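Accompanying notes for the structure given below.
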Amino acid sequence: MKDVAAHYRDVLQLGQPLPPQTVPVEQALGRVLAQDTPARYSVPPFTNSAMDGFAVRAEDVQAGCTLPVSTDIPAGRTDPLTLEAGTAMRIMTGAPLPSGANAVVQVELTENADQNMAEQAPAQVTFSADVAAGANVRRAGEDINAGETLFQAGTRLSAAHLSALVAVGYGQVQIRPGLRVGVVTTGEELRPAGEQLKPGQIPDSNSVLVASLAAEAGASAHLRAFHADTVEGFLADLDAAAREVDLLITTGGVSAGAFDVVKAALRQKGVTFTKVAMQPGKPQGFGQIRANGRDVPILCLPGNPVSVLVSWYLFAVPLIHKLEGQRPAAFDDRFTRAEVGTGWKRKTGRVQFLPATAREGENGLPSAEVHVHPASHGGSKSHFVASLAAATGLVRIPADQAEVKVGEEVPVMWFGRPR
């Protein structure tokens with residue numbers, strides 16, 4: 001059987017980042033930067049006051065001294081100003097520091113502080129404390145200088161990223177477009193959600209599972225539930241789907257059954273089917289479908305819900321990240337270590353991946369203790385769908401390990417970590 005890490009590397013070879021596009025900053029939330037972004041402006045762009053108070057020369061100020069106030073500097077004033085020795089200027093937070101000033105005395109350290117912040121600036125101000133040079137002054141470029149790289153290509157943009165981009169001068173940014181994922185579920189026994197079942201039929205939960213996982217990954221899902229197990233019908237439906245998406249995911253029809261339509265149809269398209277040394281999720285398919293003059297990656301996942309979840313996080317998520325312009329980590333680097341809170345025994349021969357959750361520790365902080373679900377079976381049954389909602393990561397157990405004991409450290413891939 002194929003090594004799991006080798007299959008991971010093969011999957012990542014299926015696609016390259018989508019062509020970039022330029023969009024207004026406010027439309028880039030959740031997207032991935034396609035190029036490095038050097039700051040166009042310094043932050044702050046000019047030296048300014050960090051407080052409401054009085055701009056001074058520090059050497060002119062002593063506790064109890066009084067200085068004349070020559071002018072008022074509100075935020076947004078743009079004309080150049082020079083502070084003369086032995087004088088002060090009233091200044092507001094964010095306003096530019098005048099030439100000659102080297103400190104700001106906050107208004108709370110002046111006599112009659114409330115009156116000093118009236119609509120009109122006072123004629124003079126008396127200070128109740130000394131001030132050091134540089135006090136309450138924000139220097140130009142203190143955060144970042146113009147020309148320095150703010151964010152690198154491959155950065156997924158949060159609200160804070162967008163705010164920073166605007167602050168350094170960007171109105172538009174070059175990003176990778178949102179990924180379109182085609183979700184194709186197969187099986188004559190599958191029926192839409194909520195439909196009354198006949199004997200031998202089951203609800204099509206995989207279509208909802210994969211479409212929702214795609215949405216959680218920041219992609220848009222294009223759902224095609226295909227329930228007729230014929231090669232011709234499946235290929236026609238798949239070709240139509242491939243023309244509309246950037247990645248295809250199928251579930252079901254990849255094992256050794258006599259009616260596995262996915263394998264029978266896609267082998268004609270050059271898709272590779274293999275057995276990966278993992279539990280659950282041993283049968284896997286991967287390749288490319290030619291559509292509209294481009295090669296669309298396709299992953300063919302098993303049909304059992306736990307197998308789908310495990311395969312999704314191991315293989316589909318990093319491929320999505322690559323198509324979006326991020327650099328996926330090496331397989332082993334995706335795992336950290338944590339203690340298990342539940343022991344179990346298992347059959348050896350394949351690497352085991354178990355849906356698991358981390359619980360809150362006694363101090364209220366997240367605990368490193370891992371609890372597999374369901375504990376009575378070591379989480380290894382690929383058809384257990386009810387326990388999936390509690391999962392926050394995957395535990396990885398080596399192929400030759402027959403027992404895991406409480407308190408043992410094991411590799412864990414948390415779903416929320418970058419992959």
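The values are calculated or read from the model by the stated rules, or taken from the named source; none is laboratory data. What you see is a predicted model, and the numbers here were worked out from it, not measured in a lab. Here the Cβ positions follow ideal geometry from the backbone for every residue, glycine too, while neighbour counts run over all protein chains shown. For the accessible areas, the whole protein counts, side chains as well, though only heavy atoms, and no ligand, DNA or RNA atoms are used. Shrake-Rupley method; radii C 1.70, N 1.55, O 1.52, S 1.80 Å.
Considering segment 100-122 alone, what residues qualify as being open to solvent by 70 Å² or more (accessible area, probe 1.4 Å) and under 21 Å from Pro80 (Cα atoms)?
Listed by number, the list holds a single entry, Gln120.
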Residue within segment 274-295 that is over 17 Å from Leu394 (Cβ atoms), touching an Asp or Glu at 6+ places or on another chain (Cβ under 6 Å) and open to solvent by 10 Å² or more (accessible area, probe 1.4 Å) present: yes
In segment 1-33, the residues that are over 30 Å from Gly171 (Cβ atoms), open to solvent by 20 Å² or more (accessible area, probe 1.4 Å) and modelled with pLDDT under 95: Met1
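Does Pro318 satisfy being modelled with pLDDT under 95 and not basic (Lys, Arg)?
Against the criterion (modelled with pLDDT under 95 and not basic (Lys, Arg)), Pro318 does not qualify.
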Tally of residues being surrounded by 15 or more Cβ atoms within 10 Å (Cβ to Cβ) and either more than 22 Å from Leu97 (Cβ to Cβ) or polar (S, T, N, Q) (or both) across segment 123-140: 1
Unmet criterion (only one of (1) in a strand (DSSP E or B); (2) at positive phi) for Gly86: (1)
Number of the exception - Pro355 against (1) assigned by the TED database to the domain that holds Ile397; (2) touching a strand residue (DSSP E or B) at 6+ places or on another chain (Cβ under 6 Å): (2)
Any hit, segment 141-150, residues being open to solvent by 40 Å² or more (accessible area, probe 1.4 Å), under 30 Å from Val262 (Cα atoms) and among the polar types (S, T, N, Q): no
Residues located in segment 89-99, provided they are open to solvent by less than 30 Å² (accessible area, probe 1.4 Å) and part of a loop (DSSP other than H, G, I, E, B): Gly94, Ala95, Leu97, Pro98
Unmet requirement for Ala329, which otherwise passes all of (1) closer than 28 Å to Gly407 by Cα; (2) assigned to a helix (DSSP H, G or I): (2)
Strands (runs of 3 or more DSSP E) wholly inside segment 246-315 that include at least 3 residues being of a type in the set (Gly, Ala, Ser): 283-291
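Okay, residues lined up against (1) in contact (Cβ under 8 Å) with a residue 40 or more places away in the chain; (2) closer than 30 Å to Leu33 by Cα:
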residue	(1), (2)
Asp60	no, no
Ala113	no, no
Glu119	no, no
Ala133	yes, no
Gly141	yes, yes
Gly147	yes, yes
Leu150	yes, yes
Arg156	yes, yes
Residues (outside any strand (DSSP E or B), open to solvent by less than 30 Å² (accessible area, probe 1.4 Å) and farther than 20 Å from Glu111 by Cβ) located in segment 43-71: Pro44
For Ala356: the one exception among (1) open to solvent by 20 Å² or more (accessible area, probe 1.4 Å); (2) at pLDDT below 95; (3) not acidic (Asp, Glu): (1)
Per-region count, segment 219-235, residues open to solvent by less than 50 Å² (accessible area, probe 1.4 Å) and at pLDDT 90 or above: 2
Segment 247-283, residues that are among the small types (Gly, Ala, Ser) and modelled with pLDDT of 90 or more: Gly270, Ala277, Gly281
Top-ranked residue in segment 330-345 [being open to solvent by less than 30 Å² (accessible area, probe 1.4 Å) and under 15 Å from Pro411 (Cβ atoms); ranked as nearest to the chain's Cα centre (by Cα)]: Arg334
Meets criteria (touching a helix residue (DSSP H, G or I) at 6+ places or on another chain (Cβ under 8 Å) and among the charged types (D, E, K, R)) for Asp52: yes
Residue in segment 72-80 that is among the basic types (Lys, Arg) and open to solvent by 40 Å² or more (accessible area, probe 1.4 Å) present: yes
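Looking only at segment 303-314, decide whether some residue is buried (at least 20 other Cβ atoms within 10 Å of the Cβ), more than 21 Å from Ile397 (Cβ to Cβ), in contact with a helix residue (DSSP H, G or I) (Cβ under 9 Å, 6 or more places away or on another chain) and not polar (S, T, N, Q). Can you show your working first?
Residues of segment 303-314 that are buried (at least 20 other Cβ atoms within 10 Å of the Cβ), as a first pass: 303-314.
Those still in the list that are more than 21 Å from Ile397 (Cβ to Cβ) too: 303.
If we keep only those that are in contact with a helix residue (DSSP H, G or I) (Cβ under 9 Å, 6 or more places away or on another chain) too, we end up with 303.
Okay, now just the ones that are also not polar (S, T, N, Q), so 303.
Yes, segment 303-314 has at least one match.
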